[in-house]
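Asks: For reference, the structure I am asking about is given below.
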Amino acid sequence: MDKEILPKNIRQMGDRDDLYQIYLEDYAYTYIRKLRLKDGGPRVGVLVGKTEIIAGNSCQFIYGALDVKEIKIENGIISFPEDAWKKLHSEIQAFFSDYELCGWYVKGSENQVPELLKLQQAHAANFPDAGMLLFLGQEEEYSFWTGTGQNLFPVQGYYVFYERNEAMQDYMVRRSQGQSIESESRDQVTRHFRTALKERQEEKLEEGHRVNRVLYGVCAAMGVLVIGLGIAMFGNYDKLRGMEESLHQAGIEAGATAEVIHSRPVVETVPGNLSPTTDAEPSAAEESSLSQETTQGGGESGTAENKAPSGSTAVMQPWEKATVHSTERSTEKKGSDPDESGTAAVSGLPVNGEAGGFHVVEEGDTLMQISIDAYGTIRMVEEICELNGITDPDKIVAGQKLKMP
């Protein structure tokens, strides 16, 4: 039968033997030690137990000691008669059915114990199988011997272990002799049992403390992790908010720029006598004709720059278109002809980007569109609002007069 670990409560007797590992249960050990000696010869009995493999090593565990009264001693040699074997067989079946014969014991005084040669002969005659043990007790000194046949040699040491050995307890209770032995053994077993129980409770308590310490460490680590994640998420939230605002502003500017870029130029025909200019140098005849026209028209409408070219087409930018439109609206309201004064009277946006002009809000106008028409960008909306005391860029009304930066 294989076991996982050795008994917890053990006591080493003698030196450690690397070849043989023998474990004698305390009930059986105490029973043998407390046997009363009688006149005429030693106390003899048999040992029962089993062999178990622990960590790859063969270990002999002895759980019972059965006293034999029917022995015979002839010429110093101990023998077990047939009736003794029958009785032993019955007792082993009654009390130690789970175990098997593993050796014998001899206890006596120096004069009672036979000499070693006689013991070897008795061992070879009664226990000839290999590995059988002899537990020899003489003058309170106990030792194990083993071997094959008459070749016995001592084992350096053995172990006494403590276990709830019910089989040995039942055997001791039902034995007729040695009531004091049984009582003393019971008290000692009770003490050992209480000691083992207390040690087991302490081990469980210590194991619970270890589990609590591990759980505390895990909870602390999780708390630090949660705090770290919270701090990281809070920092990322601020970054995301800033990124969102930046993307929103960039989207507004990109939309306004795209609107300006994709707006088509307005082509209008302005009455006048000048032809469209080109990058080529004018001929001498053209220069002469242009000079004469300039001289003749000087008293009526001023320079050629102030007079719109006749039959010419001009490509106008959105803000220039807004300026012309504002001029036309102002002229229509006054009922005057722009050609009579020589220049367009602009009452709205600054002419040619000059600062200090005004713009009268019409139905459908927005500050963003006004800024784009006047300056080609929406970045002037904030300055228009500050200059006119406007807190909400979306709240302007038709007829409102705006001062332009």
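The values are calculated or read from the model by the stated rules, or taken from the named source; none is laboratory data. Model, not experiment: these values are computed from the prediction. For neighbour counting, all protein chains shown are included, and Cβ atoms are generated from backbone atoms with ideal geometry for every residue, glycine included.
Asks: Scan (1) surrounded by 10 or more Cβ atoms within 10 Å (Cβ to Cβ); (2) at pLDDT below 75; (3) in a helix (DSSP H, G or I); (4) hydroxyl-bearing (S, T, Y) for the single condition T269 breaks and write down its number.
Replies: (3)
Asks: Would you tally the residues in segment 87-108 being over 18 Å from R174 (Cα atoms) and basic (K, R)?
Replies: The total comes to 1.
Asks: Looking at (1) farther than 28 Å from C102 by Cβ; (2) at pLDDT 90 or above, can you tell me which one M132 breaks?
Replies: Exception for M132: condition (1).
So that you can scan it fast, the table gives a plain yes or no per residue for (1) modelled with pLDDT of 90 or more; (2) in a loop (DSSP other than H, G, I, E, B); (3) exposed (fewer than 13 other Cβ atoms within 10 Å of the Cβ); (4) within 57 Å of the chain's Cα centre (by Cα):
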{"residue": "A355", "(1), (2), (3), (4)": "no, yes, yes, no"}
{"residue": "E362", "(1), (2), (3), (4)": "yes, yes, no, no"}
{"residue": "D365", "(1), (2), (3), (4)": "yes, yes, no, no"}
{"residue": "I370", "(1), (2), (3), (4)": "yes, no, no, no"}
{"residue": "I384", "(1), (2), (3), (4)": "yes, no, no, no"}
{"residue": "D394", "(1), (2), (3), (4)": "no, yes, yes, yes"}
{"residue": "G399", "(1), (2), (3), (4)": "yes, yes, yes, no"}
{"residue": "L402", "(1), (2), (3), (4)": "yes, no, no, no"}
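Asks: Related question: For residues in segment 54-110 being in contact (Cβ under 8 Å) with a residue 12 or more places away in the chain and hydroxyl-bearing (S, T, Y), which is surrounded by the most Cβ atoms within 10 Å (Cβ to Cβ)?
Replies: This residue is Y105.
Asks: In addition: With respect to E52, is the statement that it is more than 56 Å from the chain's Cα centre (by Cα) and of a type in the set (D, E, K, R) true?
Replies: No.
Asks: From Y142, Y105, Y162, which residue is among the hydroxyl-bearing types (S, T, Y), modelled with pLDDT of 90 or more and under 20 Å from E52 (Cβ atoms)?
Replies: Y162
Asks: Do we find a residue being part of a strand (DSSP E or B), touching a Phe, Trp or Tyr at 6+ places or on another chain (Cβ under 8 Å) and of a type in the set (A, V, I, L, M, F, W, C) anywhere in segment 74-85?
Replies: No, segment 74-85 has no match at all.
Asks: What number of residues in segment 123-165 are out of contact with any Asp or Glu (no Cβ under 8 Å at 6 or more places or on another chain), among the hydrophobic types (A, V, I, L, M, F, W, C) and outside any helix (DSSP H, G or I)?
Replies: Matching residues across segment 123-165 total 11.
Asks: Within segment 372-382, track down each residue that is of a type outside the set (A, V, I, L, M) and in a loop (DSSP other than H, G, I, E, B).
Replies: G376, T377, R379
Asks: Continuing with the same structure: Restricting to segment 145-176, name every residue that is of a type in the set (A, V, I, L, M), in contact with a helix residue (DSSP H, G or I) (Cβ under 7 Å, 6 or more places away or on another chain) and closer than 28 Å to L19 by Cβ.
Replies: L152, V160, M168
Asks: Consider L116 against the criteria (1) surrounded by fewer than 16 Cβ atoms within 10 Å (Cβ to Cβ); (2) closer than 19 Å to I22 by Cβ: it satisfies all of them except one. Which criterion is unmet?
Replies: With (1) surrounded by fewer than 16 Cβ atoms within 10 Å (Cβ to Cβ); (2) closer than 19 Å to I22 by Cβ applied to L116, the lone miss is (2).
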